[in-house]
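Below you'll find the structure, written out as C-alpha cells, and then a few comments.
The values are calculated or read from the model by the stated rules, or taken from the named source; none is laboratory data. Keep in mind that this is a model prediction, so the values were computed, not measured. FYI the Cβ positions are ideal-geometry reconstructions off the backbone, even for glycines, and counts take in every protein chain you see.
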C-alpha cells in the first residue's frame, strides 16, 4: 500500500523493480496544482508516449540524465506538455522525478503563456521560465527529501507573476462543466448556456484552451478511462463506467492516443503505479 509521507514502495514486475511514490503531506497541496514524486529503485529503463490529459503536465528530472525526450537534448528546467501535445516520447533510466499537473485555468498565470500555446511539441520549462527553471531544478536535485522538493516547487510557483492573459468566464465555466461531467456532457447545449452562437463559442474555446470543446470532452473521458485501466476493473467494466459506446469504442480511442491496447495498459505494472500515485495525490 502507498503512503502519502513518508513515501513507500510499490512492487512491480522484475523488469521494472520497485517504484517509490510520494505526494505532499495532507493540507499542503497548492491550489490548481497536483504533485507526485516518482523514483525507480531498480534502475530499470522505460520509454512512453507523452499523452493528452485535462491538465498541463510538467516533469522535472531530479537526477541528471534520468529522464529526457526522445530525439532531444538534455533537460534544463523540466518538460512541459499541453493537454493535447504533438506526438512525442519520453525515455528514462533509474528515474527520479517530480511531476506536476497544472489546472488549465491556472496555467497561464503560473507558466506565463496561454494553454493553447503549449499544444505543440513538449517544451523545456526553461523556455518559459528562463534561468529560474534551471535554478529550481538544481535545488530539487540537491533537496534531501520529497517534502523539501514539494516545498521548493510551492515556493517557486508562489513567486510567479500573473500573466495578463485571461480566459473568458464563459470558456472557464464550460471547461469546468466538461471536467466535472467527466467528458459526458451534451457539447451542443453549451453555447446556449452563455447566449453565444456555436461558432463564437467554438472559436473562443479553442483559441483559449487549445482544443475544441468536443476534443476537450474526449480527452477528459480518455484520461479517466486511462486511470481506471490501472486498477482491478476489467476493460469491459471501464468502457461501461466511463461512457464509451462499447468495449471496441474504448479500444479504438485508447489505441489512437497511446499506441497500445487497453489490455496492454491494464497489464503494465507501471500504469498501476501511475494510477495509484495520482489517486493519492488528488486525495491529499
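What the table shows:
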| item | result |
| --- | --- |
| Residue match in the stretch 192-206 (condition: touching a strand residue (DSSP E or B) at 6+ places or on another chain (Cβ under 7 Å) and either in contact (Cβ under 8 Å) with a residue 60 or more places away in the chain or not in a helix (DSSP H, G or I) (or both)) | no |
| Number of positions in the stretch 233-280 that are touching a residue at least 40 places away in the same chain (Cβ under 8 Å) and touching a helix residue (DSSP H, G or I) at 6+ places or on another chain (Cβ under 7 Å) | 7 |
| Residues being more than 26 Å from residue 35 (Cα to Cα) and not in a helix (DSSP H, G or I) - total across the stretch 226-258 | 5 |
| Test for residue 76: is it at pLDDT below 90 and in contact with a strand residue (DSSP E or B) (Cβ under 9 Å, 6 or more places away or on another chain) | yes |
| Some residue of the stretch 170-187 being in a loop (DSSP other than H, G, I, E, B), in contact with a helix residue (DSSP H, G or I) (Cβ under 8 Å, 6 or more places away or on another chain) and surrounded by 20 or more Cβ atoms within 10 Å (Cβ to Cβ) | yes |
| Residue check for residue 216: surrounded by 16 or more Cβ atoms within 10 Å (Cβ to Cβ) and outside the structural domain of residue 88 (by TED's automatic domain parsing) | yes |
| Count - residues of the stretch 268-284 that are within 14 Å of residue 229 (Cα to Cα) and either part of a loop (DSSP other than H, G, I, E, B) or modelled with pLDDT of 85 or more (or both) | 1 |
| Selected residue (only one of 198, 252, 227, 193 is surrounded by fewer than 16 Cβ atoms within 10 Å (Cβ to Cβ) and under 22 Å from residue 47 (Cα atoms)) | 252 |
| Number of positions in the stretch 97-118 that are at pLDDT 90 or above and outside any helix (DSSP H, G or I) | 7 |
| Subset of the stretch 120-137 [buried (at least 17 other Cβ atoms within 10 Å of the Cβ) and assigned to a loop (DSSP other than H, G, I, E, B)] | 122 |
| Residue in the stretch 138-156 that is within 30 Å of residue 21 (Cα to Cα), outside the structural domain of residue 64 (by TED's automatic domain parsing) and surrounded by fewer than 13 Cβ atoms within 10 Å (Cβ to Cβ) present | no |
| Pair list, Cβ < 8 Å and 6+ apart or interchain, from the stretch 99-112 residues that are at positive phi to residues that are crowded, with 18+ Cβ neighbours inside 10 Å | 112/128; 112/129 |
| All positions within the stretch 1-41 that are part of a loop (DSSP other than H, G, I, E, B), modelled with pLDDT of 75 or more and surrounded by fewer than 21 Cβ atoms within 10 Å (Cβ to Cβ) | 25, 31, 32, 41 |
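Okay, residues lined up against (1) part of a loop (DSSP other than H, G, I, E, B); (2) modelled with pLDDT under 90:
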{"site": "43", "(1), (2)": "yes, yes"}
{"site": "48", "(1), (2)": "no, yes"}
{"site": "60", "(1), (2)": "no, no"}
{"site": "68", "(1), (2)": "no, yes"}
{"site": "71", "(1), (2)": "yes, yes"}
